[in-house]
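The values are calculated or read from the model by the stated rules, or taken from the named source; none is laboratory data. As the structure is a prediction and not an experimental result, all values here were calculated from the model. Here the Cβ is made from the backbone with ideal geometry for all residues, glycine too, and neighbour counts use every protein chain on show. Surface areas here come from the heavy atoms of the whole protein model, side chains and all, with no ligands, DNA or RNA. Shrake-Rupley method; radii C 1.70, N 1.55, O 1.52, S 1.80 Å.
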Amino acid sequence: MSLRPDTTGLAPVAAVETVATARSTSPRLRLVRRLLRKRGTVLAIAFLMLVAIAAIFGTAVAPHDPNAQDILNSNDVPSWSHPFGTDDLGRDILSRLIVGARISVRISLQTVLLAGLIALPIGLVSGYIGGRLDNLLMRIVDAMLAFPPLVLAIAVAGLLGKGVGNVALAITIVMVPGFARLVRASTLAVKEETFVEASRSIGTRTRRILSHRILPNVRSPLIVGMSLAFGAAILAEAGLSFLGLSQQPPNASWGNMLRRAYDHSLYTHPWQLWFPGAVIALMVLAYNTLGDALRDALSASQWVPTRDHHRKPWQAWNVLQAWQQRQRKTRRGLTAVTRIEVPAAPDPAPLLAVEHLSLEFDTEQGRVRVVDDVSFSVASGEVLGLVGESGSGKTVTSLAIMRLLGSPPARIAEGAVYFEGRDLFALSFDEMRAIRGAELSMVFQDPMTSLNPAYTIGDQLREALRLHEHVDRATARARAREMLDLVQIPAPEQRLHEYPHQLSGGMRQRVMLAIALMCRPKLLIADEPTTALDVTIQAQMLDLLRSLQRELDLSVIFVTHDLGVVADICDRVAVMYSGQIVEQGTVGEVFTRPQQPYTEGLLAAMPQTGRAGDALYVIPGQVPHPRAWPGGCRFHPRCAYVIDACRSERVSLTAGPNGAAGPTPHDVRCLRSGELDLRGSQ
Amino acid sequence: MGTLIARRLLALVPLLVLVSFFVFILIALVPGDASVTLAGGENATPERIAEVREELHLDESIFQQYGRWLGGAVQGDLGDSLFARTAVTSDIAERLPITLGLAGAALFVGLLVGVPLGVLSAMRPAGAIDKLSRFGTTLGISIPGYWLAIILVVLFAVDLRLLPPSGYVPFFENPLRWLEHIALPAIALGTWSAASLSRQLRAALIDVLDTNYVRSAWAKGGSTRLIVVKHALKNAAIPVVTILALQTGYLIGSTVIVEEIFTIPGMGPYFLRAVVSFDVPVIQGVVLIFVLAALILSTLADITYGFLNPKVRVS
């Protein structure tokens, strides 16, 4: 089985468990299966097996005696009896290639395995023990790595004296430091992992930690590194052979055959140069192909989603499918649209109207719907809160409005987004570009990684303006300063010349906001802009957003999972669950008279709602994966008020009891919306 | 920036000591009694053996020998060739520019082909260009440079007679003729550079194009060109520059065989002749120069790294 793509971004524990169970189902078999999926790898393995047969049986499978000279039949072109022809002494080229295979195979296996074996303890000890020993060992390794490998190999092989054994020794010496570095780096990486620290803290012996904790994790990178080194070893041996340092004539090696052909047949029979060279190249190609495939297969099976606790679906998909996506054609910068019908624009048109939006991801396991028939609107000057747990589809929805989801895997399957009456999904790349950042802006969740580390704050601010307005440098600079002032960054003049890494997270988010507002957009989409910040900074950021919203009469879509923030800043709220809107209305209505059990759960889970001393309420269960949305009401497995009908009937979004008739619209997706008496906040 | 450069140069000192020691103790690899082997093996006359022993101070301890050799090397004296009796330093001074010229030309080919190929591949992973270029670059890193050199000779020199099959004309004597002679070897060497550079750049660019700050640049309304050329390329160049320096160090080493094939009178043939005849002072001198070249390149890469990465520069 393969790793289940996990868009929910839930607790890392669950994810690790998935990996653990996946591992227990014969990891070796899965690895082999993954390796054999590509035709190139299969061909490479087949070729290597062929060469292995030649290497093992040598003269036994050669059609002729490889060293038998036959002057009468010298320089024969390929024929039935001599498939690859004969050389200038009449020796059968195919037979010589077969015998020469033994040298290449032997050298590549011997040097790489020996070098790996020597490097392993050096790297392990150096990485794990560290300190002075590490310093000394790595100095030596660095000094050896400074040598151009071929030059060192030639010098060592030459001084030791001609011969295959000495060449093998020379290549091994050249390879050791690289492997040692690799092992050390992988050791350092796992050394700090909690499971190693845990072992240490309960007093496990160092030797046992090294062999049972570190080694298994160092193994894969070393295997990959070694498999990629086989090709290099072949190339080096053939090169030294070509220079006359390895196998001595008349015995054949691929390198000295090439040399012989070059010296004696270059002008007269140049076709003789093709066979030995092609065999060397194919051998290296086969090794490299296998090494690459091994690396891909191993890295895919070892992907463990532990680090990113607050990864958003957009990113989760990204990480999960990064290596698959790389195989595919990705249209960046504009999400693909495959809708068939275009829903009509509402009349009168609000600033933004999302109409029946459905989004799908194309994955290895097929098509997955992640947003399902979502409609909402934002009026001019209004702040709409888009609320839900991670995995509910709120971030993907906002990225789709900007058309920033990469295609593939993302696809707009149905619906339309009308911005000031214009259908955004009908726009061309350049038309969309003109709107983005100018009339429609977005601030993202993670300020630490959302600014380009290579350019100054000032540059990134000015760029936002100059992409949309033709202004001279001085004006752009003045506006940039002005914007930093507006988002209350102290000493803006100085900040303009600073790089993102010199600013704190809160400052960076203010800069992101300044960039988004540079062209005075009509609508700002703020995707959890405060989630990654400290609590005190969060409050400042919210105050700033609120005051700017009023000052600039900005419309805002505020994406968040924090209902406290919604109560603080929003006029209306739309609650999303499993890709659908389950309730929407004014903040006052929804908060005091929620009609959907999920909303009630969210409200109850707010720390502000609970009484001091009470245990904080938690909605039982987890957000289902988009691939596993339950039938009927999608919330029913977690709902306390579930009845049989909830499990089977399709539930649509309807006007709530005090909905259409009431003073403000209030839509609910619940079969029992009229009959339940749900608790709101306060 | 100044302190960064100073720090890098200072860090070179201990490395240079170690590296030079390794270069020197290459002599310890010589099998049997070094003075006999170096004097010509079994046929060596006792006088010659004594001469070699005397000249290389083989009676002293290895550290004394190293000190003597290093002392000379620092002053630009790498000893004399055991056979030609010429000074190694002046021999190298004559040949090094030729080799550097070839390596420079090869690097030029590598950059000229590798950078655009890498960028175009990364912009549309698995697109037509990417598929073609990945096929080409996979071949490019697998084909031995010396074989490619020979094939180029067969095609362009023997069959088409467009370019000379071997030989060399100094640049300052006739730049055009120089180019004629250097073209095939530079392509033979540069193909590998181009292939590996384009693969590295592609991988780095694809990673960078997936970052949040690139998404921010799209959200601003940036064009594809702005995203790739401004936002992505500078960040992707950071890892690639380091690798490029390393590869160029290797490239200089790879000139050895290619010079031999094209009979270019650079470091390669000089080195190979010395290796076959156990001319230890020449071998030590040449290896030392090659290592120094590689070290200078990696130091330059570190400094460039500082220019590209403000985190290193400012702190």
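Residue-by-condition table, conditions (1) of a type in the set (Gly, Ala, Ser); (2) within 14 Å of chain B (Cβ to nearest Cβ); (3) open to solvent by less than 20 Å² (accessible area, probe 1.4 Å):
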position: A:Ala413; (1), (2), (3): yes, no, yes
position: A:Ala416; (1), (2), (3): yes, no, yes
position: A:Arg422; (1), (2), (3): no, no, no
position: A:Ser428; (1), (2), (3): yes, yes, no
position: A:Arg433; (1), (2), (3): no, yes, no
position: A:Glu439; (1), (2), (3): no, yes, no
position: A:Ser450; (1), (2), (3): yes, yes, yes
position: A:Leu467; (1), (2), (3): no, yes, no
* To do: Could you list, in sequence order, all residues of region A:363-389 that are more than 25 Å from the chain's Cα centre (by Cα), among the small types (Gly, Ala, Ser) and surrounded by fewer than 21 Cβ atoms within 10 Å (Cβ to Cβ)?
  => A:Ser375, A:Ser377, A:Ala379, A:Ser380, A:Gly381
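Determine if region A:355-373 includes at least one residue that is touching a strand residue (DSSP E or B) at 6+ places or on another chain (Cβ under 7 Å) and part of a loop (DSSP other than H, G, I, E, B).
If we filter region A:355-373 for residues that are touching a strand residue (DSSP E or B) at 6+ places or on another chain (Cβ under 7 Å), which is where we start, we get A:355-362, A:367-373.
Subsequent filtering for residues that are part of a loop (DSSP other than H, G, I, E, B) retains none.
The answer is no; no qualifying residue exists.
With the structure loaded, tell me whether A:Gly158 is open to solvent by 10 Å² or more (accessible area, probe 1.4 Å) and not charged (D, E, K, R) or whether it fails that test.
Against the criterion (open to solvent by 10 Å² or more (accessible area, probe 1.4 Å) and not charged (D, E, K, R)), A:Gly158 does not qualify.
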* Verdict on B:Val158 being free of Cβ contacts under 8 Å to residues at least 12 places away in the same chain, open to solvent by less than 30 Å² (accessible area, probe 1.4 Å), within 14 Å of chain A (Cβ to nearest Cβ) and among the β-branched types (Val, Ile, Thr) -> yes
* To do: Considering only region A:161-188, state which residues are small (Gly, Ala, Ser), surrounded by fewer than 19 Cβ atoms within 10 Å (Cβ to Cβ) and touching a residue at least 12 places away in the same chain (Cβ under 8 Å).
  => A:Gly163, A:Gly178, A:Ala185
* Considering each of B:Val229, B:Val291, B:Val282 in turn, give the residue that is open to solvent by less than 40 Å² (accessible area, probe 1.4 Å), hydrophobic (A, V, I, L, M, F, W, C), part of a helix (DSSP H, G or I) and more than 10 Å from chain A (Cβ to nearest Cβ). => B:Val282
* Structure fact -> Filtering region A:620-649 for residues that are free of Cβ contacts under 8 Å to residues at least 40 places away in the same chain, crowded, with 16+ Cβ neighbours inside 10 Å and not in a helix (DSSP H, G or I) leaves a count of 3
* **Test result for A:Leu133, more than 14 Å from chain B (Cβ to nearest Cβ), free of Cβ contacts under 8 Å to residues at least 12 places away in the same chain and in a helix (DSSP H, G or I)** => yes
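Out of region B:211-221, which residues are in a loop (DSSP other than H, G, I, E, B) and more than 39 Å from the chain's Cα centre (by Cα)?
B:Gly221
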* Run down A:Ala413, A:Ala474, A:Ala426 and say which single residue is modelled with pLDDT of 90 or more and aliphatic (A, V, I, L, M). => A:Ala474
* **Those residues of region B:195-214 which are within 11 Å of chain A (Cβ to nearest Cβ) and open to solvent by 20 Å² or more (accessible area, probe 1.4 Å), in sequence order** => B:Arg199, B:Arg202, B:Ala203, B:Asp207, B:Asp210, B:Thr211, B:Tyr213
* Please specify each residue of region B:166-191 satisfying the condition of being within 14 Å of chain A (Cβ to nearest Cβ) and closer than 30 Å to A:Asn288 by Cβ. => B:Leu184, B:Ala188, B:Leu189, B:Thr191
* Asked: So how many residues does region B:65-83 have that are in contact with a helix residue (DSSP H, G or I) (Cβ under 7 Å, 6 or more places away or on another chain) and part of a loop (DSSP other than H, G, I, E, B)?
  -> 6
* Structure fact -> Exception for A:Leu228 within (1) open to solvent by less than 20 Å² (accessible area, probe 1.4 Å); (2) assigned to a helix (DSSP H, G or I); (3) within 14 Å of chain B (Cβ to nearest Cβ) falls at (1)
* Asked: Which one is nearest to the chain's Cα centre (by Cα), of the residues in region B:47-64 that are part of a helix (DSSP H, G or I) and crowded, with 18+ Cβ neighbours inside 10 Å?
  -> B:Val52
* Asked: Among the residues of region B:1-27, which ones are more than 25 Å from the chain's Cα centre (by Cα) and touching a residue at least 12 places away in the same chain (Cβ under 8 Å)?
  -> B:Met1
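Yes/no per residue for (1) among the aromatic types (Phe, Trp, Tyr); (2) under 33 Å from the mean Cα position of the chain (by Cα); (3) surrounded by fewer than 19 Cβ atoms within 10 Å (Cβ to Cβ); (4) outside the structural domain of A:Ala229 (by TED's automatic domain parsing):
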| residue | (1), (2), (3), (4) |
| --- | --- |
| A:His82 | no, no, no, no |
| A:Leu97 | no, no, no, no |
| A:Ala101 | no, no, no, no |
| A:Val105 | no, no, no, no |
| A:Gln110 | no, no, yes, no |
| A:Tyr128 | yes, yes, no, no |
| A:Gly131 | no, no, yes, no |
* If only one of A:Arg520, A:Arg477, A:Arg462, A:Arg481 is buried (at least 17 other Cβ atoms within 10 Å of the Cβ) and within 14 Å of chain B (Cβ to nearest Cβ), which one is it? -> A:Arg462
* Asked: Within region B:176-194, is even one residue surrounded by fewer than 24 Cβ atoms within 10 Å (Cβ to Cβ), more than 30 Å from A:Leu405 (Cα to Cα) and among the acidic types (Asp, Glu)?
  -> yes
* To do: Starting from residues that are closer than 26 Å to B:Ile182 by Cα and of a type in the set (Val, Ile, Thr), keep the ones in region B:232-255 and report whichever is nearest to the other protein chains (Cβ to nearest Cβ).
  => B:Ile252
* Any chance region A:451-459 includes a residue that's at pLDDT below 90 and part of a helix (DSSP H, G or I)? -> no
* Asked: Does A:Asp87 satisfy being open to solvent by 10 Å² or more (accessible area, probe 1.4 Å) and in contact (Cβ under 8 Å) with a residue 24 or more places away in the chain?
  -> yes
* Asked: Would it be correct to say that B:Leu132 is surrounded by fewer than 15 Cβ atoms within 10 Å (Cβ to Cβ), free of Cβ contacts under 8 Å to residues at least 24 places away in the same chain, farther than 23 Å from B:Glu260 by Cβ and not basic (Lys, Arg)?
  -> yes
* To do: For A:Arg679, indicate whether it is among the charged types (D, E, K, R), at pLDDT 85 or above and part of a loop (DSSP other than H, G, I, E, B).
  => no
* Is there a residue in region A:190-197 that is open to solvent by less than 80 Å² (accessible area, probe 1.4 Å), in the same structural domain as A:Asn135 (by TED's automatic domain parsing), out of contact with any strand residue (DSSP E or B) (no Cβ under 7 Å at 6 or more places or on another chain) and of a type in the set (Ser, Thr, Tyr)? -> no
* Asked: Quick one: how many residues across region B:13-43 are more than 10 Å from chain A (Cβ to nearest Cβ), open to solvent by 20 Å² or more (accessible area, probe 1.4 Å) and of a type in the set (A, V, I, L, M)?
  -> 3
